[in-house]
1. Among the residues of the stretch 79-100, are any closer than 30 Å to Ala214 by Cα, part of a loop (DSSP other than H, G, I, E, B), in contact (Cβ under 8 Å) with a residue 24 or more places away in the chain and open to solvent by 20 Å² or more (accessible area, probe 1.4 Å)?
2. Within the stretch 300-319, work out how many residues are in contact with a helix residue (DSSP H, G or I) (Cβ under 6 Å, 6 or more places away or on another chain) and farther than 15 Å from Gln282 by Cβ.
3. Confirm whether Leu339 is part of a loop (DSSP other than H, G, I, E, B) and out of contact with any Asp or Glu (no Cβ under 6 Å at 6 or more places or on another chain).
4. Assuming Ile118 fulfils every condition listed in (1) β-branched (Val, Ile, Thr); (2) out of contact with any helix residue (DSSP H, G or I) (no Cβ under 6 Å at 6 or more places or on another chain); (3) more than 18 Å from Ser199 (Cβ to Cβ); (4) crowded, with 17+ Cβ neighbours inside 10 Å apart from one, which condition is it?
5. Here is a check on your reading of the model: is Leu344 farther than 19 Å from Ser446 by Cβ and either open to solvent by 20 Å² or more (accessible area, probe 1.4 Å) or in a strand (DSSP E or B) (or both)?
6. Given the condition aliphatic (A, V, I, L, M), under 28 Å from the mean Cα position of the chain (by Cα), crowded, with 16+ Cβ neighbours inside 10 Å and modelled with pLDDT under 95, answer yes or no: does some residue in the stretch 182-194 qualify?
7. For Tyr265, all conditions in the list (1) surrounded by fewer than 21 Cβ atoms within 10 Å (Cβ to Cβ); (2) modelled with pLDDT under 95; (3) over 25 Å from the mean Cα position of the chain (by Cα); (4) not charged (D, E, K, R) hold save one; what is the number of the exception?
8. Among the residues of the stretch 286-322, which ones are open to solvent by 20 Å² or more (accessible area, probe 1.4 Å), farther than 21 Å from Lys270 by Cβ and of a type outside the set (A, V, I, L, M)?
Amino acid sequence: MLDLETLCTVACVSKSLRFSVDTEVIPYLDSLDLSIVSIDEHALYHILSRFKSLNTLTLNCQRLYGSSLLPFLAPQIQQLNLFSCSLLSSSVLNSIGTNCPFLRVLAVEFADHGSPPILFRKNVAYMLNKCQYLERLSLKIKGTEVDASAFQSIEFSLPRSIKFLKLKPMLENNAIHLANRLSVSKSPSSSGFVLQFLSLLLDVITDRLLVAIANSLPLLVELHLEDRPDKEPLPGLDLTNGGLHFLGSCHFLTDLSLKRSRQNYQGSFKRINDMGMFLLSQRCKALESVRLSGFSKVSDAGFASLLHTCQKLKKFEVRNAFLLSDLAFHDLIQAPCTLVEVRLLSCGLITSETVKKLAFSRSLEVLDLCGCKSVADSCLSSISCLQRLTTLNLTGADITDSGLSVIGQGNTPISYLCLRGCKRITDKGISFLLCGGGAIAQTLSSLDLGYMPGISDNGILTIATFGREITELCIRSCFYVTDLAMRALATKRRSQDRSKQLCRVDIFNCVGLSADALKLLRKPLFRGLHWIGTSWAFESTNYNSKFQGFRFSVTEPDACGMVWWLTKRRNEKHGELSPTRGRPGHVHLMERKMILVTSDLAMAPSLKGKFLVLAHSRNIVKEDRTAL
């Protein structure tokens, strides 16, 4: 069965194929994923009206209101994912409960609109009481000052069928009540709760919370807890070694994530040391995935105990561990675990010696060393021998062009490579990487070269010529990249039939680019572009200050012909367009015409001829729409 994107491409070949796809395939597809693009109400209607058998729907709701979804909420919907709901209120949950009683999976990301928490709780309770078959529930509220009491008393409405629960944010007291309420079932054969996955974003993680979870949820398989305290937790209201000890009651636990975010307060789990890690490793030997962040008092001995005791460990992530050094991995070759994914983030004492030890794990597929500034060229020969490695992050590492030459000649099938902030790499290193005759030239699809002063037009020309598989490219804050580089990416990609089209380009803060670079984004250049990040500083104009600091997010409704074809009416030349619902500072591509939605008409004269300017005013928009 062909995917939707391929079907839409096939439909553009001839009228007969279009008719066949339109009448014999599209109406009978049971799932649709539009999370990659942000569409408006009119486009959504023209797309979903073609589908008659949908039971799985995933949408990016950045430009959608609640009324836009009502016509498509039906009893046959069993899985509904609504992301980036910046315009939706919690009343949409009420509509979901009324119209989708057989829903099994629901994920919604709300933006905080400052509405009363009691109203949100009321809508959540109504939805849960109506959706009695719900198995997976994920509700997130994003914002800077979100009231964490929004999920208070949610435990009284949860259906017995729930197995997967993710709530963000939530107060620690409410989380304890939630855990105690779910402690009905002690066996899978009983009629009570059988929660297996729990993920919570809290104000603080405490011992009493872990005690409640361990005692009430013995069947838990995955536990993800993150907190964001705004001050140092009091001694009796924090996580200690004793709290980790109680997790041993969760005998089925295979995935554990404990993180203390530094977003609101530069804190850490100061009451946990090596003894806590010893207790955790001894009581939870079946762990397959461990993610730890903010354990500043744990040293090499504590982390090493996890590696040597948890024999099934495959994923190991540690962030902001100031005492973690190479010694934790000294005897890794003797460890019984088979690591597949290792992430050591902002661990300043990690050097190339750790990477050499990790290279003995031949099953390694992901290696993330972001912020490990002491990693240098000496370990790259070990990395180049890993036959399964597909993801490599060396952000901020002390590597040079010579190191990239080693990777470029190796047999490692890397598809994602991040070199952000590696200041000693130049254009020559990019040439070594892609022209060294190794496997990476044929497998690399995503490359991040952000914040690298040594990258200029020559490096981008090398990428355009030899990086045939690259579809995602980040060159943000590369000050020596000019319009010539953009022109090379556009013309080279078009002339090389074997080269894949770029889908994502990040040129944020590339001050060497002028406003004329926008012209290159028009058809037929960059045909596969889905997203672009940029901050335009227009040269030789009086409007530099107006654009400085703007962050444009670009989507392409006609990505690979899919959304544009689905929204196109038979007797219209162009798809339906509703620019009045665009947001200031956002650019959208419709029929490959550049459209800037802005509330500042003073910008318009400088942009004339570059792309169509649509004011954030209904009357002016009506006049400008005729230009399409």
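1. no
2. Number of matching residues: 1.
3. yes
4. Ile118 satisfies every listed condition except (4).
5. Against the criterion (farther than 19 Å from Ser446 by Cβ and either open to solvent by 20 Å² or more (accessible area, probe 1.4 Å) or in a strand (DSSP E or B) (or both)), Leu344 qualifies.
6. no
7. (3)
8. Result: Glu288, His308, Thr309, Gln311, Lys312, Lys314, Lys315.
The values are calculated or read from the model by the stated rules, or taken from the named source; none is laboratory data. Computed from a predicted structure; not experimentally measured. Positions of Cβ are generated from backbone atoms using ideal geometry, with glycine treated the same way; all protein chains shown enter the neighbour counts. Note: areas computed on protein heavy atoms with side chains; ligands, DNA, RNA excluded. Shrake-Rupley method; radii C 1.70, N 1.55, O 1.52, S 1.80 Å.
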